[in-house]
Protein chains: 2
Amino acid sequence: MAMQNKPFHAREYATLTTHVEREIERRVLTGEIAAGARIGEALIAEELGVSRGPVREALRSLAQSGLVEILPNKGAIARTIGLDEVKNLYALRGALFALACQEVARRHDNETVTLLRDNMSAMRAALACDDKEAYYRLNVDFHTAIINHSHNQRAIDVYHSVVKEMHLFRRRGLSNVPNIAESVKEHETILAGIVGGDPDAAREAGRIHIERGCNRFLGTLTEEPSGLSKTDPQKTNLAGH
Amino acid sequence: MAMQNKPFHAREYATLTTHVEREIERRVLTGEIAAGARIGEALIAEELGVSRGPVREALRSLAQSGLVEILPNKGAIARTIGLDEVKNLYALRGALFALACQEVARRHDNETVTLLRDNMSAMRAALACDDKEAYYRLNVDFHTAIINHSHNQRAIDVYHSVVKEMHLFRRRGLSNVPNIAESVKEHETILAGIVGGDPDAAREAGRIHIERGCNRFLGTLTEEPSGLSKTDPQKTNLAGH
DNA sequence: AGTTTGTTGATTGTTGACAATCTGCATTTC
DNA sequence: GAAATGCAGATTGTCAACAATCAACAAACT
């Protein structure tokens, strides 16, 4: 049942750079490194007790992932995300997820269908018990299962990278699961398309699911007191929350 | 009219790593470095007259782009592409392009519409003159214009990265433009959706265009003597062509 | 003979030092 | 007083040397 996040290479190589990368990633995602804060190579290197080389490589890799931004001769800073970028990430994720739904429906793999059906049952149970935490986990698993079974490694990589970046503004916690019933219904539509072997239907259902998920998320924002303007990049900075 | 390929950062910083990266990229794409060949850090470094550091960084970056593959403690090798991966790249590119079409149609930007209309006229002219080279260039420009005006930087980056990787098997030259008339028609459908401000129509048209483009490309393969089996990774290796 | 083990050569992974570049502040000049 | 200039400090970019790891080959053992 455990869903591995990194199905990249069977050989899980553990080089220093990898460890450093995970550590910096953790610090950025947990907010330990504040959004927009500079990340000095020397400082990180000293704190982790390694040389600047691996830190450098890790930062370059994280820049590709979108978690940090690298300014020439100025170093790396933790990314801040504006409202427009949130929408862009949702749009990109939606396109990738829709593609995955289509492919899974086309392949019509028995193992995957079983996996998704089990997930569906568990999710309905969590919905009945009002167990939000379990639901949140199952929800992520559902999407992850579909993407990981798309057999399109490149799309898988990009998807996970985007999701990781989205953690930057999803950090507001588990309360961020509005309209569970609606979401479950959409999952059912997706699953129906997959089970029925209808790639077009599955793709559309997947696309709409993420689109609505974006709208649901944006809805939770407007409820807040701080008025988010779409134009002012300062005010649309969500990283602080 | 010039369409910049890298609208990433206004500041086009020229660090050594960037130059090395471009050079290795060129060698891989031109076949100067054969597909599957090992790329030793020391060798490249010596040939370019730089240290191993920049070469290392460049290889890591190219690995993210998909042009080379890095095996732990074994070094980098030029990627080889199999038939399944070709399909995957087309699928991914299609999803991104469809998204871009949708966004451009939604924004309905005057400048972009004019740009695309001009491109369309030129393309029809090239079609009339049977100028395949001009058509090929305009065709690329059409797609590039749409993607670059999607205002989704992350999607733009991934798209260009995918296209670059596709060069690995598109190297067979300009003759690779089958059914020009059909392609132009699809462009017209896309443009109609954009001009009409119909995101759904534009998205579908874009998706179908790439899907059919994939089929057209695959069609040019089956005409060849060498029977390409879908299962045997050795025989489906296209990198040699 | 086949398998295992040790050795060798080469390549990558990592390090610390040096050079180039940028930011901020003080100084100078108009 | 404001803008331009130059200097100091710190940080990144680059380099060459060292350590760790791996593939291949040869020798020894069952």
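The values are calculated or read from the model by the stated rules, or taken from the named source; none is laboratory data. Note that the coordinates shown come from a computational prediction; the quantities given were computed from them, not determined experimentally. Here the Cβ is made from the backbone with ideal geometry for all residues, glycine too, and neighbour counts use every protein chain on show. Please note that ligands, DNA and RNA were not included when accessible areas were found on the heavy atoms of the full protein model with its side chains. Shrake-Rupley method; radii C 1.70, N 1.55, O 1.52, S 1.80 Å.
Accessible surface for segment B:16-78, divided over its residues, is 49 Å² per residue with a 1.4 Å probe. Across the copies of the chain, A:E188 has label points (7 Å from Cα along Cα→Cβ) spaced 4.5 nm apart, shortest distance listed first. Taking label points 7 Å from Cα along the Cα-to-Cβ direction, A:E46 and B:E182 give a separation of 6.5 nm.
For B:P72, the label point sits 7 Å beyond Cα toward Cβ; its separations from the matching points on the remaining copies run 3.4 nm, from shortest to longest. Panel note: contact residues of segment B:58-94 (accessible area lowered by at least 40 Å² against the chain on its own; 1.4 Å probe) correspond to B:Q64, B:P72, B:N88, B:L92. Across segment A:83-222 the C-alpha pair distances fall into 5 Å bins from zero in the proportions 2, 10, 21, 24, 22, 14, 6, 1, 0 percent. For the pair B:V140 and A:L71, label points projected 7 Å from Cα toward Cβ lie 3.4 nm apart. Net length available on complete extension from B:H167 to B:T114 is 16.2 nm, with 0.36 nm assigned per residue and the Cα-Cα distance removed. Any idea of the total accessible area buried by the B-A contact, 1.4 Å probe, rounded to 100 Å²? That pair of chains buries around 2400 Å² in total. When Lys and Arg each count +1 and Asp and Glu each count -1, what net charge do the other residues less than 13 Å away from A:L116, Cβ to Cβ, add up to? It works out to a net charge of -2. Only the Cβ atoms of Lys and Arg (+1) and of Asp and Glu (-1) were treated as charged; on that basis the dipole of segment B:16-78 about its Cα centre amounts to roughly 140 debye.
Label point of B:D130 set 7 angstrom out along Cα-Cβ; within segment B:177-216, amide nitrogens under 15 Å from it belong to B:179-181. Each copy carries B:S51; placing its label point 7 Å along the C-beta direction from Cα gives inter-copy distances of 1.0 nm, listed from smallest up.
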